[in-house]
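**Q** Please find one structure pasted underneath; my questions will follow.
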Amino acid sequence: MGPVGRALIWHELLERARDRWVLVISMLFALLASGVGLYGRSAEAEVAKLTGPSLVTLASLLVPLVALVLSHDAIVGERERNTLGLLLSLPVARSEVVAAKLIGRGLALAAAIGLGLGAAMLVSDPDGASTLLALMGPTLLLGLAFLSMGLFISTVTRRQATAASVVVVVWFGLVFFYDLGVLGLLVITDGGLSQSAVSALVVGNPAGLYRIEMMHAFAGSDALQDLGLTTGLPGTGTTWLLWCSWIVVPAALSGALLSRQKVV
Amino acid sequence: MRGLQARGISVRFGRLQVLDDVTLPVRPGQAVMLVGPNGAGKTTLIKVLLGLVHPDFAVFEMNGKRAEIDNDWKRRMGYLPEAVAFSGNLSGVQLLRFFASARGVPRGRVDEVLRRVGLVEAGRRNIRGYSRGMRQRLGLGVAILAEPDLLVLDEPTSGLDQEGLSLLWSVIAEWREAGRMVLASTHDLALMERRMDEICVLREGRVLAHGTVEDLRHSARLPHRIWLEVGQAPDAKVELLCEAMRKWGKGRIERVGDRVLAEVPSDETLALVEIQSGFPGVVRGVRVEEPTLDAVYDKLLGAA
């Protein structure tokens, strides 16, 4: 990455760190995560086991929201402020600008997740702390996947308000309604869907992939079997491939679209 | 040719021909003003030069050599976009530091630029609290930060107060004196007229006229307005003078209070002065008004 890209990464990190909305949602995540950590410490042993899954539920709701808030204005915001042209008039490739924005905002996201889970680690017992440490990596991958999606939405929309509306729809769709949709499909087809098709549908959503991965990490494969997910779940290699695709493909598409745009 | 030359620029958006075979030379030490009605293609032309619009056809030259719009080309450009509104989360200093790092400019230059654009105090504050004029000055600071060969200004006067305008004129003068180039698009013809060397008039994506203000005045063939102060001279003598000028038949003659207005072609002003010299004691003063650039512009657009 050239000097413009490197400068842009730190510029993005600094700018996001001063964004009120990002700060508010990150603080909310940190507060709720600390609450879960504290509850796990004070409660009975059986309840303490639920610290990890509770944090997974919390993270799968809030981390995508933080990521989408962070990224929805990355390109369209610059376009609306008339600064996109200024940025792209610098000696830098358009795809490098997209990559720098993903990395810079990804670092801000990592800081927000680190703040949230770190706060929970501070108040939880040693077992809880190791659980939280295990959560860090997959949670960051989940966030990066949604960050990349937000970046793509920001590239294809022409107004920041439109981008904000689309990311809210995406958040509700993938975080809340996607699983309901899969369940509905199962009902409609009267169980006619194969196990591998159901598994593919579940892991086809980064939020679903995250939940399944974490469920497997905390409760083992038995818990997944109890849910009827016995076959078709991806192995480690495929899981990595899926995460990489979710992170790289939308950002790469953004870079390609911006590079091909005749007018900025 | 030294400096920048863009030839044959053609840009089509779908079925709309936005620029059609536009040629634009900018020589070292020269400031060129782009004017034209909305939709004439001024901003598109600027964006082509900055690599923000991919033209369907264009040939670029820098100092007589063929050039591409690549990173080397972009390093020579400084850009002030129209109505720029930087993100409010940063301070002016932080924004300038980013552009300084991106362009490989030493940090010391940031303080220099802040002083130059009069934002030393405000530079520490969040941009959110800046007025429109302050944001415009900050944008000008970003544009001049790397001391580019070509300063590209899109509607630079918008939002600027008198102090801001003085700053803009001094920056343009500095660039011209240093042998660098300025290209500015504007609707404020009267404001910019005296600060620019050449004017390029665009209409519907084509160059309608290009030259100095004098060239354009000449090609517009608008009459000069000559005011003859007749003051206390007897009416009869004034009428004789008017009659002589009317007989001359080169322009419109009208008595307006204690003055006589003569509208004559620019190359006939001396002849008119000679006529009045034949009536000693009648005319106490002569004032010649050249046609305004706005009038020239309207005539050129009207004639197209």
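**Q** Could you order peptides B:9-18, B:198-207, A:59-68 by the average number of other Cβ atoms within 10 Å of their residues, highest first?
**A** A:59-68, B:198-207, B:9-18
**Q** Note the angle between two axes, namely the Cα long axis of helix A:94-123 and the longest principal axis of the Cα atoms of chain A, as a number of degrees from 0 to 90, rounded to the nearest 10.
**A** 40 degrees
**Q** To the nearest 10 degrees, how steep is helix A:236-260 against the longest Cα principal axis of chain A, on a 0 to 90 scale?
**A** Roughly 20 degrees between the two axes.
**Q** Of the peptides A:32-38, A:156-162, how do they stack up when ordered by the mean number of other Cβ atoms within 10 Å, highest first?
**A** A:32-38, A:156-162
**Q** When only C-alpha pairs under 8 Å and at least 6 residues apart count, what is the relative contact order of the stretch B:71-129, in percent?
**A** Computed value for the stretch B:71-129: 46 percent relative contact order.
**Q** Using +1 on the beta carbon of Lys and Arg, -1 on that of Asp and Glu, and nothing else charged, what's the dipole of the stretch B:222-303 about the Cα centre, debye to 20?
**A** That gives a dipole near 180 debye.
**Q** Right, another one. Can you give the three extents of the C-alpha atoms in the stretch B:24-111 along their principal axes, from longest to shortest, in whole Å?
**A** So the extents along the principal axes, rounded to whole Å, are 39, 33, 26.
**Q** Would you mind giving the mean number of other chain beta-carbons within 10 Å of the Cβ of each residue in A:86-96, as a whole number?
**A** That works out to 6 on average.
**Q** Separate question: Per residue, how much accessible area does chain B have with a 1.4 Å probe, in Å²?
**A** Per residue, chain B has an accessible area of 45 Å².
**Q** So how strong a dipole does the stretch B:4-218 carry about its Cα centre when Lys and Arg Cβ are +1 and Asp and Glu Cβ are -1, to the nearest 20 debye?
**A** Charge dipole of the stretch B:4-218: 660 debye, to the nearest 20.
**Q** Here is a further query. Could you let me know the centre-to-centre spacing of the stretch B:1-66 and the stretch B:209-258, using Cα atoms, in angstrom?
**A** Value for the Cα centre distance between the two parts: 40 Å.
**Q** Can you tell me the relative contact order of chain B? Whole percent, Cα pairs under 8 Å, sequence separation 6 or more.
**A** Over chain B, the number comes to 20 percent.
**Q** Given a 1.4 Å probe, how much area per residue of chain A is accessible, in Å²?
**A** Per residue, chain A has an accessible area of 44 Å².
**Q** Using R₀ = 56 Å, calculate the FRET efficiency as 1/(1 + (r/R₀)^6) where r is the Cβ-Cβ separation of A:Ser194 and B:Phe57; round to 0.05.
**A** 0.50
**Q** Name the residue from A:Val92, A:Leu144, A:Cys244 whose Cα lies farthest towards the positive end of the charge dipole of the stretch A:3-260, charges +1 on Cβ of Lys and Arg and -1 on Cβ of Asp and Glu.
**A** The Cα lying farthest towards the positive end belongs to A:Val92.
**Q** For A:1-11, what's the mean count of beta carbons from other chains sitting within 10 Å of each residue's beta carbon?
**A** Whole-number average of other-chain Cβ neighbours for A:1-11 is 4.
**Q** How big is the protein assembly as shown in terms of Cα radius of gyration and Dmax, in angstroms?
**A** When restricted to Cα atoms, the protein assembly as shown yields Rg and Dmax of 33.2, 118 Å.
**Q** Along the Cα→Cβ direction, 7 angstrom out, place labels at B:Glu112 and A:Leu185. What is the inter-label distance in nm?
**A** Going by the 7 Å Cα→Cβ label model, 6.2 nm.
**Q** If you take every DSSP beta bridge fully contained in the protein assembly as shown, what fraction is antiparallel? Give it as a percent rounded to 5.
**A** Close to 70 percent.
**Q** Given an 8 Å cut-off on Cα distances and at least 6 residues of separation, report the relative contact order of the stretch A:58-150 as a percent.
**A** Once normalised by length, the contact order is 52 percent.
**Q** Take peptides B:35-46, B:59-70, B:112-123 and line them up by average Cβ neighbours within 10 Å, highest first, as a rough protection proxy.
**A** In decreasing order of mean packing, B:35-46, B:59-70, B:112-123 become B:35-46, B:112-123, B:59-70.
**Q** Here is a further query. Quick one: Cα convex hull volume of the stretch A:3-260, Å³ per residue?
**A** Per-residue hull volume (Cα only) is 134 Å³.
**Q** Separate question: Consider all pairwise Cα distances in the stretch B:222-303 and report the whole-number % of them above 22 Å.
**A** Of all Cα-Cα distances in the stretch B:222-303, 25 percent exceed 22 Å.
**Q** Right, another one. In square angstrom and rounded to 100, what buried accessible area do you get between chains A and B, total over both, with the probe at 1.4 Å?
**A** For chain A against chain B, roughly 2600 Å² becomes buried.
**Q** Moving to a separate point now. Antiparallel as a % of all DSSP beta bridges within the stretch B:4-218, to the nearest 5?
**A** Bridges in the stretch B:4-218 are about 55 percent antiparallel.
**Q** Follow-up. Just to make sure I understand: if all protein chains stay in place, what is the order of A:His11, B:His210 by accessible area at 1.4 Å, largest first?
**A** B:His210, A:His11
**Q** Taking a 1.4 Å probe, which of B:Ser170, A:Ser89, B:Ser277 shows the most accessible area, and what order do the others take after it?
**A** Output order, biggest surface exposure first: B:Ser277, B:Ser170, A:Ser89.
**Q** Moving to a separate point now. For A:Lys101, give me every one of the aspartates and glutamates with a C-alpha distance below 16 angstrom, ignoring sequence neighbours fewer than eight places off in its own chain.
**A** A:Glu12, A:Glu15, A:Asp19, A:Asp73, A:Glu78
**Q** Take the Cα gyration tensor of the stretch B:4-218, multiply each eigenvalue by 5, square-root it, and list the three semi-axes largest first, rounded to whole angstrom.
**A** So the three semi-axes of the stretch B:4-218 are 29, 19, 17 Å.
**Q** Another one. On a 1.4 Å probe surface of the protein chains, which of A:Val69, B:Val182 comes out largest in accessible area, and what is the full order?
**A** A:Val69, B:Val182
The values are calculated or read from the model by the stated rules, or taken from the named source; none is laboratory data. Keep in mind that what you see is a predicted model, and the values were worked out from it rather than measured. Glycine gets a Cβ as well: all are built from the backbone with ideal geometry, and neighbour counts include every protein chain shown. SASA here: full protein model, heavy atoms, side chains in, ligands and nucleic acids out. Shrake-Rupley method; radii C 1.70, N 1.55, O 1.52, S 1.80 Å.
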